[in-house]
Amino acid sequence: MNEVKCECGHVNPHGTVLCESCGKVLEEKEKEKKLLDMRYEGSARRSQTYNKTMIDKIWNFFSSVKVGVWLIVITLIASALGTILPQEMYIPPVMPAAEYYEDQYGWIGKVYYDLGFHNLYSSWWYLILIASIGISLVICSLDRVIPLYRALKKQRVSRHESYLQRQRVFGVSKIVETDQAFTMAKEKLKEKKYNIREENGNLLAEKGRFSRWGPYVNHVGLIIFLIGGMLRFVPGMYVDKILWIREGETKVIPETNGEYYLKNEKFILEVYDKEKDNEVFDEAIDKAGMVAKNYQSNVTLYKKSGDAVAGEEANLEKVKDFEIRVNEPLKFENFALYQVDYKLNELNKMSFALTNKKTGEEYGDLTVDLNDPQDAYDLGNGYKAEIVSFFPDFEFDENGEPVTKSRIPNNPAFVFKMFTPDNPDGEISFVAIRQTIEPFGDNEYKMAFKGVDTKNVSALTVRKDLTLWIIALGGAIFMIGVAQGSYWNHRRIWLRRVDGEVWVAGHTNKNWHGLKREIDAALDGTSIEMPEDQLQKQSEKKG
Amino acid sequence: MKKQRLVIRTVILLVLGAAVAYTLYANFTKDQVQKVAVGEKAPDFVLTDLEGNKHRLSDYEGQGVFLNFWGTWCKPCEKEMPYMNNQYKEFKDQGVQVLAVNVGETDLAVNKFSDRYNLSFPIVIDKDGPVQSAYGINPLPATFLIDKDGKVVKYITGEMNEATIKDYMEQIKP
């Protein structure tokens, strides 16, 4: 390895631009410049120096800030593309996604779907982009923070003339009372909370060095944030499921290993009422017709006790009653149940009367529980109705056969066999909502529809997120880094005696005006002249 | 020095690469993650059949169990039922039991269905869904092949024809 030995005796790593110790310009190209590039203190960014093995090449790729910026730009564009049309998870389940996009958005929709943008945020290339940003963050930071730390730690008080000359704030004064001037300036700088180091009569005042670590602290926060996001993929860390539950129903809560059960006692939807509620709502009610005020599920949480296997009548112990409202979830262990959706008036029971079609006389009522219909309903006196077939969600299939679309009683239909003293062999009648078919000719009797009983169904989100605190921690560290880098400045002021002259130079990573004011205050009353801002001088010359 | 640098860089890149690979893998398998993995012991359960008899999975240890989850509205389930019925008759004396778990429909619907196809294997109803939850059932039909030691040999989702059903039963024959 070609290490560079400076004339001050300090040995610098290969690629160093400014000697870590005395600041002498080591690279020829840099010598031609009027002002130094002070980024990373002219330290050797390792990535830029070795390029040997495959590992080095990968490392150097990710170490480039330019690559990092491009990765962020591409990710931003990709993220924006994903918002043009709704993602697959948000489209209504009316038809397959492949058809839906073309149907709704024409050829653009088709292209969007074909390119896989309907699932953009979980696509492999999007994840790789995010992961690459993470890798870039780690490697960029490592490659810069270590040399920077070295350079700031190794810096000596007496900096080389070529270093001081090329600082943006620099000035030379010829004075006699040097010692006195130095003592005065030192006191003033101490008042301004500078750390003072002295060496051979030269002076370095420095403060706010920790502000230089701000960006790296910030990156550590981001990386923790990304790790939190990654942990969501680890089984058991993150749950996001939907539980549909009817009034009166008791269901096992998913992802709780069958430990917890929930009973929905009642679902309540309240709307604003002109009569009862404050009149400020009147206008909105007139405009919208109906405005929801509250969505609420009254539930009871049960915990299974004992070792009942799945399906066995579990011994349930009541944990608590709770009223779940929007943003007021039921919490237990690491789970939270949120109100997320509902369905009003799902059919629950239907009542019929066995009726003589001609006379209209009724021979008894029967009520069918759609979630537990019986085989037959005996109405007494030789009258009986038997259910031959039951279709909870009835439709005719392509062959014209009655079938059910699902197990949910959205559109119930029955095939009844009616037994009466007149027809002991029974008459067949197909009964659906607003529809009666008598497949074997005219019947004498019919099942007259009497009424329905409905139930509400509530949908709850079952949520568990053990990664939240990691993400919050990452966010907090991120903000600490931002504050550290933004609200503090790293300021350095050098005073050096050179052949009866006093050279003053200053450097800050931001807010040059503040630095100059402090130098001005420190030199006030001494015979040392205020140094000039060489950058300002240059631009004034040009202008 | 140079060697040390290479080692450090390699280690860091490997750690980062492993994290990325895991995330990608987890993301693409998250929809296929089975609660009950092949090679694991099938979770025990007790359900009651249409005749009122209790069936406990662990009672069938020593026999192969063809565990099928189905619903009456599910067309492929409906199609494979008669095949299962035929093969059940072949294999029940050879130590293969069929358990058809309905995913919580009404007794009436299940009874009528069973009568229509003259199904002879026991049909149990998972009313509130605990068994489906334990097995992580989503699309229907879903079938688990369980061997004589109670271990899951294979998980099949989607329709099966008679030949594959026969083949599967052959696989779990004790």
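Laboratory data are not the source of any read-out in this text; all were calculated from the coordinates shown. Being a predicted model, the structure only gives us computed values, none of them experimental. Cβ coordinates were reconstructed from backbone atoms using ideal geometry, including for glycine residues, and neighbour counts include every protein chain displayed.
For A:L379, the residues whose modelled amide H falls within less than 5 Å of its own, excluding neighbours fewer than 5 places apart on the same chain, are A:K384, A:A385. No disulfide-compatible partner, judged by a Cβ distance under 4.7 Å, exists for the following cysteines of chain A: A:C140. As an equivalent ellipsoid, the stretch A:45-153 spans semi-axes of 42, 12, 10 angstrom, where each value is the square root of five times an eigenvalue of the C-alpha gyration tensor, largest first. For the segment B:40-48, counting C-beta atoms of other chains within 10 Å of every residue's C-beta and taking the mean gives 3. Residue order for A:W488, B:W70, fewest other beta carbons within 10 angstrom first, comes to A:W488, B:W70.
Considering only beta bridges that DSSP places wholly inside chain B, some 60 percent are antiparallel. The ranking of A:V73, A:V415, B:V65 by Cβ neighbour count inside 10 Å, starting from the fewest, reads A:V73, A:V415, B:V65. Couplings 3J(HN,Hα) for the stretch A:287-292, derived from phi with the Karplus relation 6.51 cos²θ - 1.76 cosθ + 1.60 (θ = phi - 60°), are 6, 8, x, 9, 10, 5 Hz, where x marks Gly and Pro. Calculated on the Cα set of the stretch A:350-449, radius of gyration then Dmax: 13.2, 41 Å.
For a straight C-alpha distance cut-off of 25 angstrom, the lysines reachable from A:K357 (same-chain residues fewer than eight places away being disregarded) are A:K349, A:K384, A:K417, A:K446, A:K450. Working note: Cα atoms of the stretch A:130-260, range along each principal axis, descending, whole Å: 97, 32, 21. Given the pairs A:K33/A:K188; A:K66/A:K154; A:K5/A:K29; A:K241/B:K75, which span a C-alpha to C-alpha distance of over 24 angstrom in this model? Long pairs (Cα-Cα over 24 Å): A:K33/A:K188; A:K66/A:K154; A:K241/B:K75. Each residue of the stretch A:500-509 was assigned a 3J(HN,Hα) from its phi angle through the Karplus expression (A = 6.51, B = -1.76, C = 1.60, θ = phi - 60°), giving x, 9, 10, 9, 10, 9, x, 9, 9, 7 Hz with x at Gly and Pro.
Distance between the C-alpha centres of the stretch A:405-430 and the stretch B:54-130: 26 Å, rounded to the whole angstrom. Each Lys and Arg adds +1 at its Cβ and each Asp and Glu adds -1 at its Cβ; summed about the Cα centre, the stretch A:45-153 shows a dipole of about 1180 debye.
Label-to-label distance for A:A483 and A:E177 is 4.4 nm, based on points extended 7 Å past Cα in the beta-carbon direction. Based on C-alpha pairs under 8 angstrom that are at least 6 apart in sequence, chain A has a relative contact order of 18 percent.
Amide H contacts for B:L50 (H built 1.01 Å from N in the peptide plane; partners 5 or more residues away or on another chain; cut-off under 5 Å): B:I123. Counting only Cβ charges, +1 for Lys and Arg and -1 for Asp and Glu, the dipole size of the stretch B:22-72 around its Cα centre is about 200 debye. Normalising the average separation of contacting C-alpha pairs (under 8 angstrom, six or more residues apart) by the number of residues puts the relative contact order of the stretch A:350-449 at 26 percent. Averaging sequence separations of C-alpha pairs under 8 Å and six or more residues apart, then dividing by the length of chain B, give the relative contact order as a whole percent. Result for chain B is 30 percent. For the residues of B:106-112, the average number of beta carbons from a partner chain within 10 Å of their own beta carbon is 6. Rg over Rh for chain B works out to 1.19, using Cα positions for both radii and the Kirkwood form for Rh. When only alpha carbons are used to place a centre, the stretch A:209-288 and the stretch A:122-137 end up 26 Å from one another.
Across peptide B:9-15, the average count of Cβ atoms from other chains found within 10 Å of a residue's Cβ is 5. With the biggest extent put first, the Cα atoms of chain A measure 134, 57, 55 Å across the principal axes.
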